[in-house]
Every structure is written in C-alpha cells, then in structure tokens.
C-alpha cells in the first residue's frame, strides 16, 4: 500500500504513460491507412479506404497515408487482350524451340566440318554417290531392255495367237522393272538438287559462324 502523499504522483504518471501510448497507437494506425483511387467511367478521379465499386474492372492505385503510390493494379485483361497475350506467349515458345533447334544444328555443323574445303569435299563425295546410283540404274535399264527385246522377238512368232505364258510374263516383268528403274533415276535426280541445297546452306551457315568469330578464320 502506497503512502497517501505518494499516490497523486503515481496517478499522474499512469495517465502520462497512457497518453504517450495512445499517441503512439494513433500514429501507427494513421501510418497504416490505405486509399484506393481510380478514374471511373465518367473520367472522374475517385478514392476510398476500400476499392470503390466504380473502380471494379478498372486500373487503380493504392496510396499510403502520405499520399504516395504504394502499388498500381492493372485493369483485368479483355478477352481480346487475353487472346493476344496467349498468341504472343505461343510465339515466344515457338521462337525458343526454333532457337534451340538452330543451336543444335550449329553444333552438329561444327562437329561435322573443319573448314569450307571440308564441306566441298563431302559435297563432291555425296554427289558422286548419287551419280553412281543413276549410272547403275541406267545400266540396269539397258540390261532389261535387251532381255525384253528377246521376249519381243519370240512373241513375233505368235502374232495370230497368244504367246506362251512365260513370254507374256517376261514382257510384263521387264516392263515393270524398266519403269521401276526410271522411277529410281527420277528420285536420285531430286536427291541431287536437295544435296546441292543442303551443302549450300551448310557452307553459308559455316561462313556466318566464322564471321561471328565462333570459328577461327581460315
């Protein structure tokens, strides 16, 4: 129990402490205030301590008690904007895939060729192989045509009646084989064009990588 002459000082101290605490609490509350502001559909700038209903679906700002912008909230995307963003994301994904594929091709190119001369050596070797395949098919056609001529000569003895089955079969087989060899030749000629394009592109890309100092000059 405090003596009577001390009690007035004690009460004054308690009230002083309560006042300081209350002021500190008020300052804390003021510092935590937030305001939300936007420009409504009518073009009027409005604010509220909660997001005003007229700000729904629109961009707005969150302001601190000092009036400074704490953060900005963008308006929700429209269906058209969402579709555009999705298309842009898809294009970025495709570009990343293409870039990765190009890097893979570049690496394979650098592991395949040492120099431009090396490209030309391999070009000649590949083209020579295709030319040889064409010559082989042409030689095979000549052989089949000689055999077919034999069947045709034998068939002349049967002008007034059907030739024996073996002669008819020989004529049909040789005609089929000639067409097959002609198809092979046509395909090989297309291979020549494709190979020329491939080695032209390899040479162009190789020189481009060299120009970008990825490769040492030759």
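Bear in mind that the values in this text are calculations on the coordinates, not laboratory data. Given the structure is predicted, the values throughout are model-derived calculations rather than measurements. No Cβ is skipped: glycine too gets one built from the backbone with ideal geometry, and neighbour counts run over all protein chains shown.
Miscellaneous remarks
- Taking other Cβ atoms within 10 Å as a rough exposure proxy, 58, 135 sort from fewest to most as 135, 58.
- The range 29-100 and the range 147-210: distance between their alpha carbon centers, rounded to Å: 69 Å
- Once the mean of 1/r is taken over each pair of separate Cα atoms and inverted, the range 64-218 shows a Kirkwood hydrodynamic radius of 22.4 Å.
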